[in-house]
Amino acid sequence: MLRTFEDIIYSEKFPAFNGVLQKIDPRVKFCCFIAFILTAVVARTVTSLIILFILVIILSVASKIPPKFFFLRTTIFIPIFAAAIASPLLFITPGRPLAIIGYDKYFLSITWEGVYKAACFTLRVWVCVASLTLLVLTTRFSGLVHALEKFKMPKVLVVMTAITYRFVFLFINEAYRMVLAKEARTVKKEGKLHTMKSLAHIISTLFIRAYERGERVYMAMMARGYKGEIKSIGEMKCSYKDWAFGFSSVLTCFVILLVEFLFR
């Protein structure tokens with residue numbers, strides 16, 4: 001299970017691909033995907049959301065992200081959960097009845113307007129999740145941290161984000177080794193109470209090791225001249241391709257919202 005979790009969150013191989021988004025400056029990509037998300041939040045029609053949906057898919061294909069991997073990563077958890085949350089809209093939204101569930105006086109009516117609202121909500125969530133996922137899959141984490149620095153984000157937030165990302169895989173491996181060692185020493189099937197005690201012991205031990213390692217890392221950083229900020233070696237420079245991609249993305253979002261406003 002821990003290995004599966006590590007494989008899911010570890011995606012540093014995709015930024016090395018020779019795709020479209022991999023060549024764009026991280027700052028420009030960050031602003032463009034924020035524009036996509038804001039457009040999805042503001043949009044109120046399924047047509048606008050479908051256009052954004054298709055645009056994200058085209059960008060993922062142009063960035064050489066495997067379609068199966070991308071859809072599994074963006075569809076299994078949050079969008080399905082969003083669809084479950086939006087399901088009451090099918091019944092509580094007044095409008096033209098599409099189907100009636102029940103018998104005699106006890107029934108629920110599904111309306112066209114409810115289906116439309118539920119579809120809008122689900123598509124909106126999917127576009128937001130897919131945009132952020134595509135940003136992460138096509139950008140090295142160091143590039144995202146550098147972009148946050150350039151955007152003058154709080155230094156504490158940037159440093160904590162960078163350190164957390166660097167050490168999350170280390171603690172995953174540590175937890176995996178602890179669970180593997182426990183299973184290697186287990187002869188017979190344990191009861192539920194004993195299993196819960198063992199799990200609590202593993203979690204507490206992992207917290208103690210994380211605290212001790214954090215102290216050692218901090219002392220090592222201080223010994224090497226750490227003064228509260230992370231210094232990046234390279235400098236980011238936007239080329240005409242970056243500006244062209246950013247301008248076309250923002251223009252597309254503006255046109256989508258303008259058309260929706262004019263034909264509302």
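The values are calculated or read from the model by the stated rules, or taken from the named source; none is laboratory data. From a predicted model like this one, the values you see are computed outputs, not experimental measurements. Don't worry about glycine lacking a Cβ; one is built from the backbone with ideal geometry, like all the others, and counts go over all protein chains shown.
Hey, can you tell me all the residues within the stretch 121-156 that are under 17 Å from R44 (Cβ atoms) and surrounded by 19 or more Cβ atoms within 10 Å (Cβ to Cβ)?
Correct list: T122, L123, R124, V125, W126, V127, C128.
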Quiz prompt | Those residues of the stretch 149-180 which are within 25 Å of L59 (Cα to Cα) and without any contact (Cβ under 8 Å) to a residue 60 or more places away in the chain, in sequence order | solution = none
Quiz item: Has the stretch 120-143 got at least one residue that is within 22 Å of L38 (Cβ to Cβ), touching a Ser or Thr at 6+ places or on another chain (Cβ under 8 Å) and among the small types (G, A, S)?
Solution: yes
Exercise. Determine whether R177 is under 28 Å from the mean Cα position of the chain (by Cα) and over 25 Å from V159 (Cα atoms).
Key: yes
Quiz item: Can you name the helices (runs of 4 or more DSSP H) wholly within the stretch 54-105 that have at least 1 residues being surrounded by 14 or more Cβ atoms within 10 Å (Cβ to Cβ) and of a type in the set (S, T, Y)?
Solution: 67-75
Quiz item: Going through the stretch 58-95 one residue at a time, which ones are without any contact (Cβ under 8 Å) to a residue 12 or more places away in the chain, closer than 19 Å to G19 by Cα and of a type outside the set (K, R)?
Solution: I58, V61, P66, P67, F69, F71
Practice problem: Being at pLDDT 85 or above and exposed (fewer than 12 other Cβ atoms within 10 Å of the Cβ) is the filter here, so list the residues in the stretch 235-250 that pass it. | Solution: Y240, S248
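May I ask you to list the residues in the stretch 42-68 that are among the β-branched types (V, I, T) and closer than 12 Å to V127 by Cβ?
V42, V46, I50, I51, I54, V56, I57
Per-residue answers, yes or no, for (1) assigned to a helix (DSSP H, G or I); (2) touching a strand residue (DSSP E or B) at 6+ places or on another chain (Cβ under 6 Å); (3) small (G, A, S); (4) surrounded by 10 or more Cβ atoms within 10 Å (Cβ to Cβ):
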site: K188; (1), (2), (3), (4): no, no, no, no
site: L199; (1), (2), (3), (4): yes, no, no, yes
site: I202; (1), (2), (3), (4): yes, no, no, yes
site: L206; (1), (2), (3), (4): yes, no, no, yes
site: A220; (1), (2), (3), (4): yes, no, yes, yes
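Within the stretch 17-37, count every residue that is touching a helix residue (DSSP H, G or I) at 6+ places or on another chain (Cβ under 9 Å) and either of a type in the set (D, E) or not in a helix (DSSP H, G or I) (or both).
4
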Quiz item: in a helix (DSSP H, G or I) and in contact (Cβ under 8 Å) with a residue 40 or more places away in the chain, is that true of T122?
Solution: yes
Self-check item: Hits in the stretch 21-53 (condition: surrounded by fewer than 21 Cβ atoms within 10 Å (Cβ to Cβ) and under 30 Å from W112 (Cβ atoms))
Solution: I37, L38, V41, V42, R44, T45, V46, T47, I50, I51, F53
Quiz item: Does V145 satisfy the condition of being assigned to a helix (DSSP H, G or I), aliphatic (A, V, I, L, M), without any contact (Cβ under 8 Å) to a residue 60 or more places away in the chain and not assigned by TED's automatic domain parsing to the domain that holds M160?
Solution: no
Quiz prompt | Subset of the stretch 38-47 [farther than 17 Å from S248 by Cβ and in a helix (DSSP H, G or I)] | solution = A40, V41, V42, V46, T47
